[in-house]
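**Q** Quick one: the structure is below, and I'll ask about it shortly.
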Amino acid sequence: QVHLVESGGGLVQPGGSLRLSCAASGSGFSIHVMAWYRQAVGKKRELVANILFSDGNTHYADSVKGRFTISRDNAKNTSYLQMNSLTPEDTAVYYCNILAATGGVLPSDYWGQGTQVTVSS
């Protein structure tokens with residue numbers, strides 16, 4: 001089983017920055033992709049950014065390009081989401097996600113519990 005623990009959410013003023021972290025733990029798993037999603041009140045969950053664990057290739061939603069940066073630490077099985085120039089539209093619950101294989105079976109999605117990010121003056 002894979003367990004994800006997120007940290008770093010909170011309240012920030014418009015224009016401010018936050019960094020989210022997601023640490024994966026467990027045994028016998030191999031991470032393929034690490035990602036961050038978010039879900040605002042009344043909206044569908046959307047992909048914010050993802051990163052290939054092997055080579056670090058990244059993908060971003062258009063709404064966060066140039067402001068957010070996703071990175072990973074392979075040794076720590078941890079991903080980070082650096083969020084700069086935050087706006088109230090970034091307010092949401094942010095979820096960590098990984099696509100990982102365990103026990104030689106096909107990869108599965110695993111989710112963190114979510115962390116609230118609120119951008120407000």
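The values are calculated or read from the model by the stated rules, or taken from the named source; none is laboratory data. Given the structure is predicted, the values throughout are model-derived calculations rather than measurements. Only protein heavy atoms, including side chains, enter the accessible area calculation; ligands, DNA and RNA are left aside. Shrake-Rupley method; radii C 1.70, N 1.55, O 1.52, S 1.80 Å.
**Q** On average over all directions, what projected area in square nanometres does the range 1-50 have, based on the convex hull of its Cα atoms?
**A** Values: hull surface 19.0 nm².
Mean shadow area of the hull around the Cα atoms is 4.7 nm².
**Q** Keeping all protein chains in place, calculate the accessible area per residue for the chain (probe 1.4 angstrom), answer in Å².
**A** I get 52 Å² per residue for the chain.
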